[in-house]
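Here the structure comes first, spelled out in structure tokens, and everything after it is commentary.
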Amino acid sequence: MERSVEGISWRTDRLWTLFSESVAALPAAVSVISGDQEVSRRELSGRTEAAAAFFSDRGIAAWDRVLVEGHATLDTIVTALALSKLGAVFCPF
């Protein structure tokens with residue numbers, strides 16, 4: 001979605017929307033390199049879908065805030081994308 005005020009435009013899409021567009025455009029492109037592991041956008045999307053289902057089954061929904069402990073890892077990226085898909089907020093600590 002694009003907004004404009006006084007001639008200045010910007011996108012207001014959620015992270016998940018932007019990521020989904022990038023998966024559709026280049027699904028085989030490497031999205032994350034973690035250690036010796038390379039993960040394509042398609043694979044990251046699949047992991048994210050599974051994580052979103054896991055969180056949803058446990059009652060996480062739009063506007064919920066979820067504290068996530070840990071370092072920047074593949075799992076942290078999957079978690080942030082999954083929470084964005086649900087409309088929840090990722091709060092690292």
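The values are calculated or read from the model by the stated rules, or taken from the named source; none is laboratory data. Just so we're clear, the structure is a prediction, and the values are computed from it rather than from any experiment. Virtual Cβ from ideal backbone geometry, glycine too; neighbours counted across all protein chains shown. Note: accessible area is taken over every heavy atom of the protein model, side chains too, but ligands, DNA and RNA are not part of it. Shrake-Rupley method; radii C 1.70, N 1.55, O 1.52, S 1.80 Å.
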Problem - Selection count, segment 30-64, where residues are surrounded by 13 or more Cβ atoms within 10 Å (Cβ to Cβ), touching a helix residue (DSSP H, G or I) at 6+ places or on another chain (Cβ under 8 Å), closer than 20 Å to C91 by Cα and of a type in the set (G, A, S) - result: 3
Completion exercise
Restricting attention to segment 65-85, the residues that are open to solvent by less than 70 Å² (accessible area, probe 1.4 Å) and either part of a helix (DSSP H, G or I) or closer than 14 Å to F54 by Cβ (or both) number exactly 13
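Could you please find all residues in segment 35-51 being under 16 Å from the mean Cα position of the chain (by Cα) and at pLDDT below 95?
Matches in segment 35-51: none.
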